[in-house]
Amino acid sequence: MSADITRLVKMRQYFASGATKTYSFRKEQLKKLKSSIASHEQDIYTALYEDLKKSPEESWVTENGLVIAELNTAINNLQRWMEPDSVGTNLVNLPSGSKIIKEPLGVVLIIGPWNYPFQLLINPLIGAIAAGNCVVLKPSEFAPATDAIMKRIIEEVFPPEYILYVQGEGASVVPDMMNNFTFDHVFYTGSTTVGKIIYKMAAERLVPVTLELGGKSPCVVEADANIRVVARRIAIAKFSNAGQMCVAPDYLLVHHSVKDKVLSALKETIQQFFTGKPEESYNYGKIINEKQFTRICNYLQNGTIAFGGRTNREKLFIEPTLLTDVSLNTPVMNDEIFGPVLPIISFHTMDEAKAVIDRHPDPLAFYIYSSDNKKQQAWLEAVPAGGSCINNCSWHLTNHNLPFGGRGHSGLGFYHGKYSFETFSHKKAVMKTPTWLDPDIKYPPFKGKLKLFKWVIK
Ligand code: NAD
């Protein structure tokens, strides 16, 4: 047994002790986590700047502030979430009573990516703690500064038999754990390619999974859209974190009649937001590493650069870039872009635009800009997706009252707020039957009782 597996076995024993299950314990852990995150606020900003050149303001909105909001939601609602749900009982089972108990799953594994390295590891942790589990946290190895501060926070607050922080290269650390220990749930955020590897390993041991994956999230701009709003909302969602956002609009489908207007509004807006020198802008991030930089730079060859296109390998800088004349057969229209390159494709009819979207079904997000309610509804019904915004991009994920997750190619399961608590709980069906009534009708001999059974069970 490797050293890590011994630690996982200790977690299993700790879970079995029942220590993590009470309301008071869960609430206390959430509060301790909150106060540690608050006291390390500056360290978190420093780390996120080092890894991704994020400003404190952007970090608050998309990383530590979002996590604090999630913690507040969990702390304020935990008691209610934990209460059993009373449900009705059918005729055949009367006078029994029925309820659903939310049972912790056990020892769960949470695997995070590098693009929002803090939020995407700690937010699921909140749901897992709220639901009464022991948790193994596996961060991405590609955001080392954030990895280091998260390790400090977790190890300062929690003992390793309760929350274990495991660093290292995912391709070796994760299989080592998953192939030698049966987790009660694996919650994975990252690429579809690795998501499939996780799913296969989990299947071997029948471990349930949540897969928060990526993909190409399309954005449709209809002729009747408010162009100024379109440009501002798309520019911020596409170029925040230098485009390294799972729910960034991947490409635009713009009605041909407004294509030029949208293009020039976007150019103007990008300059307003990130200045003529985005590499020096407080508001603009950098690419995580050279491998990603090279991958994204290759997309610049896949169309006409209508705006931007400058790069600097040393600074891992890629300018916010608008691409036109893009062929659907190029890599930029087949890979998830995950960088600050925005292809703009024009369409004449909804069918034509939908045919482009259907080449990559089940996107994580789908965005519609139109001032016509009927068009909005028609688009909403036409494109199955993890989530959608109308006249907006990406912000749906910051509302903890909405479930966040993909479908099909973009993932499996959901979380945030109460949905996280549900993801990390088992809904245990419980029926309690009194003994004062035990009618013979339920027992053999059955002959001649069919009519009665048909009356009772229908
Ligand atoms: P990734 O799949 O490379 O890595 C994610 C995690 O998996 C890391 O912790 C890594 O160490 C681990 N890992 C890597 N190879 C592994 C292997 N062979 N076996 C087991 N674990 C392994 O993803 P990434 O590059 O960090 O993130 C980018 C992707 O994540 C994009 O596709 C993006 O769309 C997606 N994403 C999705 C969401 C969402 O909420 N749906 C959020 C952010 C990112």
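Each value in this text was obtained by applying a stated rule to the coordinates, not by laboratory testing. What you see is a predicted model, and the numbers here were worked out from it, not measured in a lab. Ideal geometry is used to build each Cβ from the backbone, glycine not excepted, and the neighbour counts take in all protein chains shown.
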Which loop GluC sites (Glu not before Pro) in the range 33-121, with loop taken from DSSP, have no more than 10 other Cβ atoms within 10 angstrom of their Cβ? none
Sorting check: for 126-139, 445-458, 10-23, 266-279, which peptide has the highest mean count of neighbouring beta carbons within 10 Å, and how do the rest follow? 126-139, 266-279, 10-23, 445-458
So for the chain: antiparallel DSSP bridges make up what percent, rounded to the nearest 5? 35
Which loop chymotrypsin sites (Phe, Trp or Tyr not before Pro) in the range 185-224, with loop taken from DSSP, have no more than 16 other Cβ atoms within 10 angstrom of their Cβ? none
Tell me, in nm to one decimal, what length is gained between Arg232 and Ser257 on full extension, where the rule is 0.36 nm per residue of separation less the Cα-Cα distance? 7.1 nm
Centroid-to-centroid separation of the range 99-169 and the range 18-58 [C-alpha atoms, Å]: 11
What FRET efficiency comes out for the pair Arg295/Ser86, r = Cβ-Cβ distance, R0 = 41 Å, nearest 0.05? 0.20
Work out, step by step, the length gained on full extension between Arg205 and Ser172: first 0.36 nm times the residue separation, then minus their alpha carbon distance; give nm to one decimal. 10.1 nm
Compute the distance in nm between two label points, each set 7 Å from the Cα along the Cα-to-Cβ direction, one at Ser96 and one at Thr193. 5.0
Whole-angstrom Cα spans of the chain along principal axes, big to small: 81, 55, 38
For the peptides 173-185, 100-112, what is the packing order when you average, over each peptide's residues, the other Cβ atoms within 10 Å and list the highest mean first? 100-112, 173-185
Apply 1/(1 + (r/R0)^6) to the Cβ-Cβ distance of Gln42 and Asp358, taking R0 = 51 Å, and write down the FRET efficiency to the nearest 0.05. 0.60
Want the number for Thr324 to Ser17: 0.36 nm per residue separation, take away the alpha-carbon distance, what's left? 104.5 nm
Using a Förster distance of 51 Å, how high is the FRET efficiency between Arg313 and Lys451, based on the Cβ-Cβ distance and rounded to 0.05? 0.05
Mean Cβ neighbour count within 10 Å, used as a protection proxy, ranking 143-149, 323-329, 211-217 highest first: 211-217, 143-149, 323-329
Normalised contact order of the chain, rounded percent, pairs of Cα under 8 Å and 6 or more residues apart: 18
3J(HN,Hα) from dihedral phi, the range 98-113, Karplus parametrisation 6.51/-1.76/1.60, rounded to Hz, x for glycine, proline: 10, 8, 10, 9, 8, 9, x, 7, x, 9, 10, 10, 10, 10, x, x
With 18 Å as the limit, write out which pairs from Lys200/Lys427; Lys34/Lys102; Lys99/Lys458; Lys32/Lys102; Lys102/Lys428; Lys238/Lys267 have Cα-Cα distances beyond it, or answer none. Lys200/Lys427; Lys34/Lys102; Lys99/Lys458; Lys32/Lys102
Give me Rg over Rh for the range 110-261, both radii from the alpha carbons and Rh done the Kirkwood way, two decimal places. 1.09
Report ³J(HN,Hα) in whole Hz for each residue of the range 217-223, in order, from the Karplus equation J = 6.51 cos²θ - 1.76 cosθ + 1.60 where θ = phi - 60°; Gly and Pro get x. 8, x, 9, 9, 10, 7, 4
